[in-house]
Amino acid sequence: MPTLRCPACKKAIEPSDRFCSACGTKIPAPAVGAKPEQKREPAKAVQPVASPPTRSSVPPEQGAHASPTWHTYKNTWYGFLTEKPTTWQVRMLNDTIVVSPNADDIVSVSMRLLSLKEAYSAEKVARTLVGALATVISALKAWRVTADAGQPEDKNLLVMSIEGTYKNVAIKGVLTVQVYERLALVSGFQAPAQQITQLAPTMQRILGSLKFIDPVQRKKYVDQNEGAYSGYAPADWSVKAQLRRSQTKEAFPMPDFKATDPSGTCFLSVPPSLELYTEMPMMGNMFSPVRFAPWMPATEYLKRVLLPRLGKQYPNMQIENIRPQPGLAQIEMQKVARSGGPNLGFSCEVASADYTFEQQGTRYRERVFVQIDRIRAIASWMAKTTCICHTPVERFEEMEAIFLGMVEAVQVNPQWERGEQQRANQQLGQAYGRYQQANADYAKALNNIQADQIQIARDMADGVKRRGEEFLRVQQDYVAPVIRGNQIVVNPANGDRYEVPLGFGAYWASPAGQVYAGRAGDNAPRIGLDRLEPI
């Protein structure tokens with residue numbers, strides 16, 4: 001019985017195989033009965049190594065495998081179709097199609113079309129590719145999956161097995177490079193080493209189902225105010241693109257962008273939003289655009305600030321999820337690092353939230369992205385809404401691909417960016433100087449407050465002492481004598497004080513200090529005596 005082989009890499013396969021265990025190629029139904037000597041036709045430039053069979057040609061076992069949890073993902077911006085589990089996500093990272101169950105990409109299927117400067121061999125493309133991967137996957141090992149003996153080598157096709165460590169996880173996978181003239185299709189998959197056997201059929205099916213289609217027609221737009229940025233949008237969409245400046249003395253640039261589809265129900269919006277905060281209480285006040293607020297992560301800002309604000313706009317809003325976006329934050333960090341500005345402790349966080357709401361009988365879904373920039377050296381941070389995607393719920397996945405494509409197509413005018421960066425660096429330096437002065441003023445104010453507090457404490461202590469002395473005096477003059485049955489009288493002539501028995505009548509004192517009591521009603525002065533008055 002002749003040996004059955006993969007139509008792509010010529011590796012031996014079993015009749016029951018639906019995917020090649022070496023390169024991941026989907027095995028078309030006709031290949032089950034194909035002769036081993038049959039020559040493989042050259043691959044087309046716009047198709048992957050093996051196209052999936054039509055629905056009518058799917059064997060019963062494979063049709064049973066196609067559960068309702070799978071569906072076809074269509075990306076009209078980049079022009080491709082692929083099958084995937086409904087819970088897996090599709091993203092474009094640096095022109096690479098990535099299909100994965102979550103954002104960490106440890107389990108992922110990737111596909112990318114590369115334009116070559118000249119007709120390179122698959123091996124040369126693979127060596128360059130492995131070198132680039134080694135900067136991301138530590139301890140990377142890659143080796144060719146060779147064809148069986150007697151099979152001719154194809155310089156336009158190379159299949160590799162890979163293993164290494166990615167994000168501290170040991171991974172294994174397969175990488176295929178197929179070259180056609182000046183195009184190269186790089187595809188493959190990876191997963192944790194202990195899960196590769198379990199996940200390989202799912203990832204092979206995704207990889208084998210990839211088909212390229214005609215992308216949507218596009219038109220170019222340019223910022224109308226300063227020519228700061230440009231990009232592309234679908235040709236039949238309406239676009240508003242301009243740059244605004246914040247009303248603060250820094251005049252921060254704020255893109256004001258909106259692209260809307262012909263129906264008016266789907267749009268991508270970048271609102272001109274910017275909120276400035278200071279982490280120093282004495283520098284923020286209700287009359288300034290810079291308010292005092294402790295720094296908060298992007299996810300917390302969504303929960304505590306933006307989503308409650310949107311909830312007032314959409315009373316029937318239902319929040320579906322809030323996710324951090326570390327990949328987008330890393331891109332912003334890299335931009336700042338390349339700018340060559342002063343090192344002031346810049347950090348960035350990006351997060352997104354999905355929510356739905358109903359308007360005029362239609363249920364819509366929006367995805368909003370926020371970016372939090374923090375500059376520790378000047379104890380300040382800013383929050384801005386970087387993107388809002390709006391579509392009816394049932395069209396969200398279809399339109400999400402177009403939204404993402406438009407965002408990635410945005411390009412900043414290099415000349416404008418250089419000038420803006422110089423201005424920003426100058427403003428940061430000035431802000432740092434103001435911050436240092438504010439710190440000095442703050443410390444001085446604290447010292448003044450402390451001195452005032454010390455003086456207040458002293459005054460309070462003096463007051464307590466005075467009140468204590470007054471109390472003792474009153475007690476001495478009034479309370480104690482009364483208890484003894486006496487009273488205190490004072491000689492108004494010289495201020496001498498005398499304790500005399502309580503009673504009616506007047507008291508008189510001689511210069512020698514002798515006290516005489518008069519009879520009740522006898523108020524006449526005596527010669528040589530001074531009248532005593534009660535205190």
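Would you point out which residue out of ALA512, ALA520 is among the small types (Gly, Ala, Ser) and either modelled with pLDDT under 70 or part of a helix (DSSP H, G or I) (or both)?
Values: ALA512 fails: either modelled with pLDDT under 70 or part of a helix (DSSP H, G or I) (or both).
Sole residue among the options that is among the small types (Gly, Ala, Ser) and either modelled with pLDDT under 70 or part of a helix (DSSP H, G or I) (or both): ALA520.
Screening the candidates ARG418, ARG374 for the property of being farther than 18 Å from MET254 by Cβ, surrounded by 15 or more Cβ atoms within 10 Å (Cβ to Cβ) and either touching an Asp or Glu at 6+ places or on another chain (Cβ under 9 Å) or charged (D, E, K, R) (or both) yields one hit, ARG374.
When VAL99, VAL130, VAL136 are checked against the criterion of being surrounded by 15 or more Cβ atoms within 10 Å (Cβ to Cβ), over 23 Å from ARG205 (Cβ atoms) and of a type outside the set (Phe, Trp, Tyr), a single residue qualifies: VAL130. Taken together, LEU114, LEU129 contain a single residue that is in a helix (DSSP H, G or I), out of contact with any Phe, Trp or Tyr (no Cβ under 8 Å at 6 or more places or on another chain) and closer than 28 Å to TYR73 by Cα, which is LEU129.
So is ILE206 touching a residue at least 60 places away in the same chain (Cβ under 8 Å), assigned by TED's automatic domain parsing to the domain that holds ARG144 and within 21 Å of ASP104 (Cβ to Cβ) or not? Judged against the criteria, ILE206 is a match.
In the stretch 263-274, the residues that are assigned to a loop (DSSP other than H, G, I, E, B) form Cβ pairs under 8 Å with partners that are among the polar types (S, T, N, Q), at six or more places apart or across chains, as follows: THR265/THR362; THR265/THR391; CYS266/THR260; CYS266/THR391; PRO271/THR385; SER273/THR385; LEU274/SER246. A Cβ distance below 8 Å, combined with a sequence gap of six or more or placement on separate chains, defines the contacts here; from the stretch 506-518, residues that are of a type in the set (A, V, I, L, M) reach residues that are assigned to a loop (DSSP other than H, G, I, E, B) and surrounded by fewer than 15 Cβ atoms within 10 Å (Cβ to Cβ) in the pairs ALA506/ASP522; ALA506/ASN523; ALA509/ASP496; ALA517/GLY503; ALA517/GLY505. Just one residue in the set SER230, SER238 is touching a residue at least 12 places away in the same chain (Cβ under 8 Å), out of contact with any Pro (no Cβ under 9 Å at 6 or more places or on another chain) and not basic (Lys, Arg); that residue is SER230. Exactly one residue out of ALA233, ALA193 is under 29 Å from SER100 (Cβ atoms) and outside the structural domain of PHE80 (by TED's automatic domain parsing), and it is ALA233.
Note on the stretch 372-400: among residues that are in a helix (DSSP H, G or I) and under 21 Å from the mean Cα position of the chain (by Cα), the one that is modelled with the highest pLDDT is GLU400. Is there a residue being more than 21 Å from CYS387 (Cβ to Cβ), polar (S, T, N, Q) and touching a strand residue (DSSP E or B) at 6+ places or on another chain (Cβ under 9 Å) anywhere in the stretch 217-236? So far as the stretch 217-236 goes, yes, one or more of its residues are more than 21 Å from CYS387 (Cβ to Cβ), polar (S, T, N, Q) and touching a strand residue (DSSP E or B) at 6+ places or on another chain (Cβ under 9 Å).
PRO289 - would you say it is surrounded by fewer than 18 Cβ atoms within 10 Å (Cβ to Cβ), out of contact with any Lys or Arg (no Cβ under 9 Å at 6 or more places or on another chain) and modelled with pLDDT of 95 or more? Break it down into steps so the answer makes sense when it comes.
On the way: surrounded by fewer than 18 Cβ atoms within 10 Å (Cβ to Cβ): yes; out of contact with any Lys or Arg (no Cβ under 9 Å at 6 or more places or on another chain): yes; modelled with pLDDT of 95 or more: no.
When the stated conditions are applied, PRO289 does not pass them.
Residues in the stretch 453-498 that are aromatic (Phe, Trp, Tyr) and at pLDDT 75 or above: TYR498 only.
Can you find even one residue in the stretch 136-157 that is at pLDDT 90 or above, under 11 Å from GLN190 (Cα atoms) and not in a loop (DSSP other than H, G, I, E, B)? Scanning the stretch 136-157 turns up no residue that is at pLDDT 90 or above, under 11 Å from GLN190 (Cα atoms) and not in a loop (DSSP other than H, G, I, E, B). Of the set (1) at pLDDT 90 or above; (2) under 29 Å from THR135 (Cβ atoms); (3) buried (at least 20 other Cβ atoms within 10 Å of the Cβ); (4) over 30 Å from the mean Cα position of the chain (by Cα), all apply to ILE171 but (4).
Here PRO294 does not fit the description of being more than 23 Å from ARG244 (Cα to Cα), in the same structural domain as TRP237 (by TED's automatic domain parsing) and modelled with pLDDT of 95 or more.
The values are calculated or read from the model by the stated rules, or taken from the named source; none is laboratory data. Being a predicted model, the structure only gives us computed values, none of them experimental. Heads up, the Cβs are rebuilt from the backbone with ideal geometry, glycines too, and the neighbour counts pull from every protein chain shown.
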